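No lab work stands behind these numbers, since they all come straight from the coordinates. Only a predicted model underlies this, so the values are computations on that prediction, with no experimental measurement involved. Neighbour counts are summed over all protein chains in view; Cβ atoms, including those assigned to glycine, are modelled from backbone coordinates with ideal geometry.
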Amino acid sequence: MNLLIVDDEMIAIRGILDGVRWEKLPIDHVFTANSARQAREVLAKDRVDIILCDIEMAQEDGLSLIQWIRENYVDIECIFITCHANFTFAQKAIQLQSFDYLLKPVAYDRLEEVLGSVIDKIDQRMNKNKVLQYGELYLENIVDEAREKREKKSGREIVDEVSKYIKSHLSEDLGVEQIAAQVYLNPDYLTRIFKKETGNSLIKFIIQERMYMARRLLLETSLSVNGIALEVGYSDYSHFTKTFRQMFGMTPSVYRQEKGKTE
């Protein structure tokens, strides 16, 4: 890990560089800056994991610098150091999500302890991120393998599987992309293979199956026409009625009256 010390007093920086037993800590590079401007220059060139920052500095104080860092480098951990136990400073440090707040002169063994703790926190975050990344890669591999298996299936097998899925989910929202995701296929590829195998578009097939189901419900149940519309995926009653009439030549209510007694 890399650490940046920001303090406008060179003697304070030298004291930390000489006083901390760096060999005990997994820190590769310790950068220094005498002002907020120099700190920004370091951050622009090098990766920094931890900042040890004085609060009271000339021109721009440490609180302002860390506010800027929080907006641009969200993962950097900050430890504030200051000469005064100022409540306002401490409150602002908490708001800026600083890891700790130390008073000068800092006891070096205490500073080593705090640095060890912040390093542990960063390690845990990095390990958690790695686990999440591995999990995402694992899921991507599973999806890719499933997609490859699907694409090796014959067109007839794909159509049979899609048809079965559609018939068992007629009351739900059935879009091409949603259906394609269920069978791990590209939507355009699914549309083409379905048309090639059946001579019918996927959307038209869905509409037909919904109307066939509506017809069965009209003849075999006492559900209201509005209830049947919902059962076959139509929340708009007038749209359902219009579609049914286009397919069977009469409205659902008339169809039930005329066909119910003879079929």
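Brief remarks follow.
- The dipole here belongs to the chain: it is taken about the Cα centre, uses +1 on the Cβ of Lys and Arg and -1 on the Cβ of Asp and Glu, and is about 2100 debye.
- Contour excess over end-to-end distance, with Cα ends at THR198 and LEU223 and 0.36 nm allotted per residue: 5.8 nm
- For the stretch 109-263, the residue among ALA146, ILE193, THR241 whose Cα projects farthest onto the positive side of the dipole built from Cβ charges is THR241.
- Nearest 10 degrees, 0 to 90: helix 237-248 Cα axis against the chain principal axis: 40
- Between 0 and 90°, nearest 10: helix 36-45 axis offset from the chain longest Cα axis: 50
- CYS83-GLN133 FRET efficiency (beta carbon distance; Förster radius 45 Å; 0.05 resolution): 0.60
- Angle between the chain longest axis and helix 202-220 axis [Cα atoms, degrees, rounded to 10]: 60
- Note on the stretch 1-150: dipole from Cβ charges, positive end direction compared against LEU17, ALA44, TYR73; the farthest Cα belongs to TYR73.
- Flagged links, alpha-carbon separation over 20 Å, of LYS204/LYS259; LYS164/LYS204; LYS45/LYS128; LYS164/LYS259; LYS164/LYS195; LYS45/LYS121: LYS204/LYS259; LYS45/LYS128; LYS164/LYS259; LYS45/LYS121
- MRE, 222 nm, helices only [DSSP H, n ≥ 4, -39500 (n - 2.57), over the chain, to nearest 500]: -20000 deg cm²/dmol
- Diffusion constant of the chain at 10 °C, which comes from Stokes-Einstein with the Kirkwood Cα-pair radius and 1.306 mPa s, µm²/s: 64
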